[in-house]
Every structure is written in C-alpha cells, then in structure tokens.
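Chemist: Before I ask anything, let me first share the structure, which is written out below as structure tokens.
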Amino acid sequence: MFTPKTLSTLAVAALAMAPSVRSHMIMATPKPFGSPNNSPLDPSGSDYPCKITGGAAGDGPVNEWAVGSSQQLSFSGSAVHGGGSCQIAVTTDKTPTKESKFKVIHSIEGGCPGVNGPSTFDFKIPDMLPDGDLVMAWTWFNHIGNREMYMNCANVKVSGGASDTSKFEKLPDMTLANIQVGSGASCKTAESSDYTFPGVGENGDTVERVGSGPFVDVCGGQASGAPAASSAPAASAPASSAPVVSPVPVSSAPPASPSDAVTSTIRTLLTVTAPTAPASATAPANSSAPAGSAKPTQAPAASSPAAAPSGGASTGGSCSSDGALVCNGDSQFGLCNNGKIVWQAVAPGTKCQNGKIARRDFVHRAQRRSHVHHRSF
C-alpha cells in the first residue's frame, strides 16, 4: 500500500522526468502513422525508416494532398535544440524499407523545427508527384546536441498528380546522416551549424532559408566540404583580413564567371567580414570561437569557416529546466540534462544570449536567388 509520503515522492519523480519526455519533437501535421515517440533514429539504423521496428508500416490516418494545395508542417514538443535543417520527402513505397527511395519536395535550411520554440512551415504539393497512395517523411538534423537524425512518416493520398513517375524520379534524394544506413554511414553533421542540402531547388522542389547559420554542407563535418577551388570567397581573401564566410555554398554546378563566385546556384550566400585582429588577441589558441571579445582572432586564409567547436567543451554547471539552452557568458552554451550542463564554445560569428544562439553584430551582405525564400522570427 502506498502511504501519502510515498505517493508524494512518486509525484515529484514523475514531474522531474516530464521535461525529458517532452524534450524532443514529434511531427503533428501531417498526421504521422505508427504513434512515433520523440527520440531520434537509432544510430545503428535499426528503426530506419520512419522509426519502424518490425510492426506494420502505414497504420494510421491518411492525409489528403491535392496538387497545388498548401500544406502545413507543424510539431508537438518543446526542445528544438537550436533549430537545424529539415526535409520533406515522399516515397511511392506504401511500406517503406531501408531500400526505399525518398524524393525531396521541400527543404528547410536552418531554423527547423524552430529556434526559440516549435514553428510551423507551409509547403506546396508539386505536380510531379504521382496520383495515389504515397508515404511522406519529415527528417531533421539538429543544430546543437548529439549528432542525430530524426524522422517521422505519414500516409498521404495525392490527387491531381502525374500519371507516371518520370518527373518524380528527377527530384533530389533525401539526405541521410548520422546513421549506419546507406550514405548516412559516411555523412556526419557538424554541431552548432545549420545545414545546406546538395542538389535541392533544381527540379521543381523548393528550398526555404530560415536559420541564421553558420551554414555548412550537411555532410561537411567540420565545414570542410567546400574545397579550396569552391565558390567560397574566403579561400582567395588575404589572411590578414580574417574573413568569416557563412554559409559556404555547396553547388553541383560551377559559377558561370568569376563575377559569380560569391553566389550559389540554389541558395543564399551570407558573407560576414570581421575587423582585423592582432595576432596577440586574447582568444584561446585551441578554439575558433571569440572569447568574450567582439574581435575574432586572425584566421588562416584556407581554414574551414564556421567549424563546430570540437575541443572547447568543459564540464561544470548546474541547471533546473531539462532541455533548456543555458548561456555561460556570450561565448559558451550548454543544454540542461538532468540538472547538469557541459559547457561548449559557440561557433565563430555567434554568441549565446538570453537562452539562445544569435549572430554577432557584424556587417553582412546577402545575395539570393528565386528558389530560396527567407523567413525571420
């Protein structure tokens, strides 16, 4: 028999566990199948795709998608882990397997599923989708925290679509990363970054730029995905100017001329130029993040911009709200995990302020192309 004291203890324990239960995100609309939990895919890929673990796939509601209609992507949950980048993809397999081909119809680069809390995103149903019953997938690569891949799926019924799959097959493949499945085994995301996706925005799919960066290729790891001969202007800039380029554009087509070198064929290029700092600046030698100073240290001309901090983590710190982002000055941040925090340096060009990661106040220039749409919060 439970005594009042025992019941009180159990109630406190349940409340203590509640934040971790709500800590991740679940797709609310389109309505998913399989009652997914809020955890990421297992790194081994055992529950890829769609968090299927052996039960029947496709059990659940059917979402009606008329070609040309506007649909909404929304979420339940609380901890957005600083945002990140998402994709909406579709497969013609009614029971998806690890061999299924998911084709992307909309990409959200940065700010997804939200920054200060969950957001909603609108997308249109393209006419290259074939008529009939399909399976839709939402995938998410988080900005901060463990290197993970999240995925929920939903049944959709397309009306007014194509009579064949010829256009559908030309859509870009859905990106895999941080899991031991297919190309995901060799693709690892860099922490404290927003991610750009290869090959998107070129064959009828759409791209939405939301986040504030720094932007790196989704498989860039340490933002090394852009070679010295890429269109990023940082490689040709003098070392003394200490340029910080965010994002590094990733494009399957070379620029048409030298004057196009600072533009991407499918997405925004944001160039941030910091003032020259003396070699004796006070930033730590083993960290690329500014240490409480508005002036970054001198950077080599061909170094990898916007690299995620890998050696700047330090232990220490306590907190009371699991899943919350906590600042330690403006140069360090951490996620509250069971009352404890591991401090990490923020990415170059950013700062931690009021419980969120924000850009430092540098002068910037943005160039856009019609396939990229911007949102701000």
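Chemist: Which residues, counting only those in region 51-82, are at pLDDT 95 or above and assigned to a loop (DSSP other than H, G, I, E, B)?
Modeler: Within region 51-82, Val67, Gly68, Ser69 meet the criteria.
Chemist: Of all residues in region 316-361, how many are of a type in the set (Ser, Thr, Tyr) and either within 24 Å of Val216 (Cβ to Cβ) or in contact with a strand residue (DSSP E or B) (Cβ under 8 Å, 6 or more places away or on another chain) (or both)? Walk me through it before giving the result.
Modeler: Within region 316-361, the subset of a type in the set (Ser, Thr, Tyr) is 318, 320-321, 331, 350.
Remaining after also requiring either within 24 Å of Val216 (Cβ to Cβ) or in contact with a strand residue (DSSP E or B) (Cβ under 8 Å, 6 or more places away or on another chain) (or both): 318, 331, 350.
Of the residues in region 316-361, 3 are of a type in the set (Ser, Thr, Tyr) and either within 24 Å of Val216 (Cβ to Cβ) or in contact with a strand residue (DSSP E or B) (Cβ under 8 Å, 6 or more places away or on another chain) (or both).
Chemist: Determine whether region 92-105 contains at least one residue that is loosely packed, with under 14 Cβ neighbours inside 10 Å, in contact with a strand residue (DSSP E or B) (Cβ under 7 Å, 6 or more places away or on another chain) and at negative phi.
Modeler: Going residue by residue through region 92-105, those that are loosely packed, with under 14 Cβ neighbours inside 10 Å are 94-95, 97-99.
Filter once more, keeping what is in contact with a strand residue (DSSP E or B) (Cβ under 7 Å, 6 or more places away or on another chain): 94.
Then drop every residue that is not at negative phi, which leaves 94.
Yes, region 92-105 contains a residue that is loosely packed, with under 14 Cβ neighbours inside 10 Å, in contact with a strand residue (DSSP E or B) (Cβ under 7 Å, 6 or more places away or on another chain) and at negative phi.
Chemist: Cβ-Cβ below 7 Å, separation at least six or inter-chain, first residue in region 163-180 and at positive phi, second surrounded by fewer than 22 Cβ atoms within 10 Å (Cβ to Cβ) and among the small types (Gly, Ala, Ser): which pairs?
Modeler: Listed pairs, sorted by first residue: Asn178/Gly184.
Chemist: Restricting attention to region 106-132, which residues are modelled with pLDDT of 95 or more and open to solvent by 60 Å² or more (accessible area, probe 1.4 Å)?
Modeler: Residues satisfying the conditions are Thr120, Asp122, Lys124, Asp127, Asp131.
Chemist: Turning to a different aspect of this structure: Determine the pairs where a residue that is touching a residue at least 60 places away in the same chain (Cβ under 8 Å) and in a strand (DSSP E or B), located within region 100-125, has a partner that is open to solvent by less than 10 Å² (accessible area, probe 1.4 Å) and acidic (Asp, Glu) with Cβ atoms under 6 Å apart, the partner being 6 or more residues away or on another chain.
Modeler: As it stands, the answer is Val104/Asp205; Ile105/Asp205, since those pairs meet every condition given.
Chemist: If I ask for residues that are modelled with pLDDT under 75 and either crowded, with 18+ Cβ neighbours inside 10 Å or touching a Gly at 6+ places or on another chain (Cβ under 7 Å) (or both), which ones from region 324-357 would you list? Spell out the reasoning first.
Modeler: Going residue by residue through region 324-357, those that are modelled with pLDDT under 75 are 338, 349.
If the condition is that a residue be modelled with pLDDT under 75 and either crowded, with 18+ Cβ neighbours inside 10 Å or touching a Gly at 6+ places or on another chain (Cβ under 7 Å) (or both), then Gly349 is the only one that fits.
Chemist: Still on this model: Considering only region 133-154, state which residues are closer than 13 Å to Thr92 by Cα and either at pLDDT below 95 or open to solvent by 20 Å² or more (accessible area, probe 1.4 Å) (or both).
Modeler: Passing the criteria: only Asp133.
Chemist: Take region 174-189 and flag every residue that is over 21 Å from Thr91 (Cα atoms), part of a loop (DSSP other than H, G, I, E, B) and among the hydroxyl-bearing types (Ser, Thr, Tyr).
Modeler: The answer is Thr189, and nothing else.
Chemist: Could you tell me which of the residues Met128, Met136 is among the aliphatic types (A, V, I, L, M) and outside any strand (DSSP E or B)?
Modeler: Answer to the selection: Met128.
Chemist: Further, regarding this structure: For region 149-200, which residues satisfy the criterion of being touching a Phe, Trp or Tyr at 6+ places or on another chain (Cβ under 6 Å) and polar (S, T, N, Q)?
Modeler: Result: Asn152, Asn155, Thr175, Thr189, Thr196.
Chemist: Could you run through region 190-209 and say how many residues are of a type outside the set (Asp, Glu), in a loop (DSSP other than H, G, I, E, B) and open to solvent by 10 Å² or more (accessible area, probe 1.4 Å)?
Modeler: 4
Chemist: Among (1) out of contact with any helix residue (DSSP H, G or I) (no Cβ under 6 Å at 6 or more places or on another chain); (2) modelled with pLDDT under 95; (3) β-branched (Val, Ile, Thr), where does Thr206 come up short?
Modeler: The number of the failed condition is (2).
The values are calculated or read from the model by the stated rules, or taken from the named source; none is laboratory data. All values derive from a computational prediction rather than experimental measurement. No Cβ is skipped: glycine too gets one built from the backbone with ideal geometry, and neighbour counts run over all protein chains shown. The accessibility values were calculated without ligands, DNA or RNA, using every heavy atom of the protein model including side chains. Shrake-Rupley method; radii C 1.70, N 1.55, O 1.52, S 1.80 Å.
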